[in-house]
Amino acid sequence: MFKCYDSPMSQHHVVARFEIAYRACLDDDGKPIGALPEFVEDGELLRRMYRMMVRARAFDAKAVNLQRTGKLGTYPSCLGHEAAHVGVGAAMRPEDVLFTVYREIGTKFWRGVGLLDILLYWGGDERGTLYERTPQDFPFCVPIGSQMAHAAGAALAMQIRGEPRCALAFIGDGGTSQGAFYEAINLAGVKALPLVCVIVNNRWAISVPVTAQSAAQTLAQKAVAAGIPALQVDGNDVLVVYEAVAEALARARSGGGPTVIEALTYRLSDHTTSDDATRYRSAQEVEAARRVEPIARMRNFLSARGLWDGAAEEALRRECSDEIETAVQQYLSTPKQSTDAMFDYLYAQLPPTLRAQREEARRYAAPGH
Amino acid sequence: MAKMTMVEAINMAHAWEMARDPSVVVLGEDVGINGGVFRATVGLQQRFGKQRVQDTPLAEGLIAGTAVGLAAQGLRPVAEIQFMGFIYPALDQIASHMARLRNRTRGRLTCPLVMRMPHGGGIHAPEHHSESLEALLCHHPGLQVVCPSSPARAYGLLLAAIRSPDPVLFLEPVRLYRFARQEVADDGQALPLGRCFVLREGSDLTLVTWGAMTVDSLKAAEQLAAEGVSCEVLDVGTLSPIDFDAILDSVVKTGRLVVVHEAARNCGVGAEIAATVAEHALYDLLAPIRRVTGYDTIMPLYRLEHDYIPGVARIVDAVRAAMAE
């Protein structure tokens, strides 16, 4: 230890170096950059990922529309993040546990969370976190960065029990400024936890650009200080996201410890429906980002390989539209919870001191939907 | 039965429950080979192994958030925060997640965990090591805040806390860690959460208190008995959710209330108790409610700490004043 102080070689020498690799499979137009990973032979997997990206985007547009017409609360659009989100979902196993921020509907949909769940949650109803098909996944995490510690804790539980499972945590570029991010990857490194952290660097934390968030050349390199392998990938390339996350999960599952993956993408939408991004960024910048968005390039790739055509596209759009319409109707016709719902899930059993308040809430229950 | 200190009883409760329930794990700073700075976890790592008793990096927010993740995965973490004055970085996890996870998932994910921490002053500790911050925690629905006042109650309440389906913040009065030895049966019997303990029965006035202030309150009651004043002393035990029925029953019986706590007065738990008694039992009162508390000042460095912490004299005077109304 502390070789730098007592080395006989020289008074000043380098004691640590690092490099961060960048990986991509497809160029901006969806053409392979080099040799593609083996899994691209699985045409059905590629189509599933594409379909899920389209589904997420179609749902997203509908959700924004519902908010604009007063039928949904504030909603954070995922426009432009579809590859980063869906690639992660596809790489995970059902028994892994997902910890998100609040934008990752592509990952949640892949894991079986329903459209109705997402609508209920942003529509102000806690029942949108029930996640019947993925019962261990955490709900959205609004306090930025705090989900990292939960993911580390879940990974620690898996390690203690010797289970071949992983925790996967998303975080944003802004989130990597939080102490919870450093604390969690530090723990993951020191205990070699089965944790994969995906930083979705969409360049903007509301109005603060990533250049004002950190002076680091990459966000991935923050993991170096925690002793964790890290890499950067093209987050608009679903193939490389899938490949990098699958590799990291496989390593974590076999006891090889955590990985941090920085996925470079761009938030094409406002931060949320309450935000107006024209106040702080130029139309030219957004337009340039739109030209490299993830869905068109994946469609180009699939078409070039003969895995997709116009008829398939049309059928998919129709299918998404029908599914979304059904979910919206269910959402709009779901009655609000009774006032008891405020009290019934505070504790396993309602403390006696709260009974009178539950009664009071019943008496003064607000009318309406 | 063995006579033991509170810190030994706390250690014994850990050991009992870890032997009984393999899902119980211990985490915190220095809880492993060192056995915790107060030795509350001494010997546990040797007995139960390094997987079940883990030292963490030095980050309280991480300890709290990791405990949330462990608990949601079905383990029962018992996490130690080294001193209550260091709870602030953990408050985001405690308030935003630990307290809310059951509610925000409609019961799908839960947090059966315990966060233990030394509470209060009186042991000549450095700055930030003597704080009484229970009010910060009691303000958050979804949490249980427990403060034992004897070795036996520490043993029984800690067992109950570890077995509870919901998170418990377990505040251990440092002044009582090695204050007195008491016979404690190592029988795995939990004491009830959410109940007051009657430490002394009386008919003229109710002293409501908790933690280390129970000792001073009992001394005051003893002294006042010699003056012919009969005090009932209630140890609140669980500060949230609080057992108001027991407090109200006692106050209705005696007609007078003095609340005693070490924490600062402003927005303290004593204010909630006084307000609740005023709402429900004002016409049973024979005298105004009084509070004997720490001052609304910064907890001083230790040369003044016994000037800050309420002592027997202040309690006796408050009781006398209430009796004189």
Between residues in the range A:173-185 that are under 13 Å from A:Q147 (Cβ atoms) and residues that are buried (at least 24 other Cβ atoms within 10 Å of the Cβ) and of a type in the set (F, W, Y), which pairs lie under 6 Å by C-beta distance while being six or more apart or on different chains? A:G175/A:F181
Count - residues of the range A:179-209 that are among the hydrophobic types (A, V, I, L, M, F, W, C), within 14 Å of chain B (Cβ to nearest Cβ) and within 20 Å of the chain's Cα centre (by Cα): 8
Of all residues being closer than 23 Å to A:E293 by Cα and assigned to a loop (DSSP other than H, G, I, E, B) in the range A:218-237, which is nearest to the chain's Cα centre (by Cα)? Just the residue, please. A:G235
Would a scan of the range B:125-140 turn up a residue that is within 14 Å of chain A (Cβ to nearest Cβ), under 29 Å from A:Q159 (Cβ atoms) and either surrounded by fewer than 24 Cβ atoms within 10 Å (Cβ to Cβ) or in contact (Cβ under 8 Å) with a residue 24 or more places away in the chain (or both)? no
Of the residues in the range B:212-252, how many are within 18 Å of B:L191 (Cα to Cα), more than 14 Å from chain A (Cβ to nearest Cβ) and outside any strand (DSSP E or B)? 1
Over the range A:345-359, the set of residues more than 7 Å from chain B (Cβ to nearest Cβ), assigned to a loop (DSSP other than H, G, I, E, B) and exposed (fewer than 13 other Cβ atoms within 10 Å of the Cβ) is A:Q349
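Mind checking which residues of the range A:137-176 are of a type in the set (S, T, N, Q) and within 7 Å of chain B (Cβ to nearest Cβ)? Explain how you work it out, then say what you get.
Looking only at the range A:137-176, we keep the residues that are of a type in the set (S, T, N, Q), and these are A:146-147, A:159, A:176.
Within the range A:137-176, A:S146 is the sole residue that qualifies.
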Which listed residue is more than 15 Å from the chain's Cα centre (by Cα), free of Cβ contacts under 8 Å to residues at least 24 places away in the same chain and either part of a helix (DSSP H, G or I) or surrounded by fewer than 19 Cβ atoms within 10 Å (Cβ to Cβ) (or both), from A:A248, A:A289, A:A212: A:A212
On the given criteria, is A:R127 under 27 Å from A:E243 (Cβ atoms), of a type in the set (K, R) and modelled with pLDDT of 95 or more? no
With (1) farther than 30 Å from A:P135 by Cα; (2) free of Cβ contacts under 8 Å to residues at least 40 places away in the same chain; (3) not hydrophobic (A, V, I, L, M, F, W, C) as the list, and B:G122 as the residue in question, which single condition is left unmet? (2)
Quick one: is B:G122 within 20 Å of the chain's Cα centre (by Cα), assigned by TED's automatic domain parsing to the domain that holds B:T41 and not acidic (D, E)? yes
Within the range A:96-106, does at least one residue satisfy the condition of being at pLDDT 95 or above, assigned to a helix (DSSP H, G or I) and closer than 24 Å to A:H271 by Cβ? yes
Looking at the range A:138-158, can you tell me whether even one residue there is surrounded by fewer than 19 Cβ atoms within 10 Å (Cβ to Cβ) and farther than 28 Å from A:Y280 by Cβ? no
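Can you find, within the range B:51-87, the residue that is surrounded by the most Cβ atoms within 10 Å (Cβ to Cβ) among those that are of a type in the set (D, E, K, R) and more than 10 Å from chain A (Cβ to nearest Cβ)?
Of everything passing the filter in the range B:51-87, B:E80 is surrounded by the most Cβ atoms within 10 Å (Cβ to Cβ).
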Pull out all pairs, ordered by first then second residue, where Cβ-Cβ is under 8 Å, the residues are six or more apart or on different chains, the first lies in the range B:260-280 and is in the same structural domain as B:I309 (by TED's automatic domain parsing) and surrounded by fewer than 20 Cβ atoms within 10 Å (Cβ to Cβ), and the second is part of a helix (DSSP H, G or I) and not hydrophobic (A, V, I, L, M, F, W, C). none
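Can we say A:S269 is in a helix (DSSP H, G or I), more than 14 Å from chain B (Cβ to nearest Cβ) and surrounded by 12 or more Cβ atoms within 10 Å (Cβ to Cβ)?
Here the answer is no, as A:S269 does not meet what is asked.
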Unmet criterion (only one of (1) of a type outside the set (K, R); (2) free of Cβ contacts under 8 Å to residues at least 12 places away in the same chain; (3) in a helix (DSSP H, G or I)) for A:I295: (2)
Is there a residue in the range A:57-72 that is surrounded by 21 or more Cβ atoms within 10 Å (Cβ to Cβ) and outside any helix (DSSP H, G or I)? yes
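The values are calculated or read from the model by the stated rules, or taken from the named source; none is laboratory data. In this text, all values refer to a predicted model and were calculated from it rather than measured experimentally. Neighbour counts run over all protein chains shown; Cβ positions are idealised from the backbone, glycine included.
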